[in-house]
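Working notes for the structure below.
The values are calculated or read from the model by the stated rules, or taken from the named source; none is laboratory data. Bear in mind that the values here come from a model prediction, so they are computed numbers and not experimental data. A quick note on method: Cβ atoms are made from the backbone with ideal geometry, for glycine too, and the neighbour counts reach across all protein chains shown.
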Amino acid sequence: MPTSLYSYIVASDSGFAPNPFGEYCTLACCKPQIRRHASVGDWVVGSGSKRTVGNEKMVYAMRITEKLSFDEYANDPRIRYKIPSHAIIQERGDNIYFRDTNGDWKQRSSLRIKIRDFFSTLA
């Protein structure tokens, strides 16, 4: 099967998406089309934006080595460290979706959610 290359402009490089921290660089949030269609062995490249991050520069490149569902990601002990917490790096964790005891999807608080909520109060 041929390898595909997916690219997009990284408008904000907060460490949330992609999340480069720890042993794995992950893209668990944002870019649903890439997450849906990309396969193991494909490449994802993020380039800088004209207005914000690294104009005309590559921000990151990663080769997909594994794809997990949200349920698998939320429960995988290898990436438990990506659950947001209050530490400076961990607050950027992208392991934010999980099912509660009733099977309903929930979203953990993270730096990205806090920033979004803050700016929505200014509108």
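Only residues that are more than 12 Å from S7 (Cβ to Cβ), more than 15 Å from the chain's Cα centre (by Cα) and not in a helix (DSSP H, G or I) were counted in the range 27-62, giving 12.
Among the conditions (1) surrounded by 18 or more Cβ atoms within 10 Å (Cβ to Cβ); (2) without any contact (Cβ under 8 Å) to a residue 40 or more places away in the chain; (3) under 25 Å from P2 (Cα atoms), A74 misses just one, which is (3). Can you tell me which of D76, D71, D104 is of a type in the set (D, E), modelled with pLDDT of 85 or more and over 24 Å from D42 (Cα atoms)? Every option except D104 fails the conditions. Within the range 1-15, residues that are in a loop (DSSP other than H, G, I, E, B) and exposed (fewer than 13 other Cβ atoms within 10 Å of the Cβ) reach partners that are at pLDDT 80 or above and small (G, A, S) with beta carbons closer than 6 Å, at six or more positions or on different chains, in the pairs T3/G41. Within the range 40-65, how many residues are modelled with pLDDT of 90 or more, of a type outside the set (A, V, I, L, M, F, W, C) and surrounded by 11 or more Cβ atoms within 10 Å (Cβ to Cβ)? Matching residues across the range 40-65 total 3. The residue pairs whose first member lies in the range 77-88 and is within 12 Å of E23 (Cβ to Cβ) and of a type in the set (F, W, Y), whose second member is assigned to a loop (DSSP other than H, G, I, E, B) and at pLDDT 80 or above, and whose beta carbons are closer than 9 Å, counting only pairs six or more residues apart or on different chains, are Y81/F21; Y81/G22; Y81/E23.
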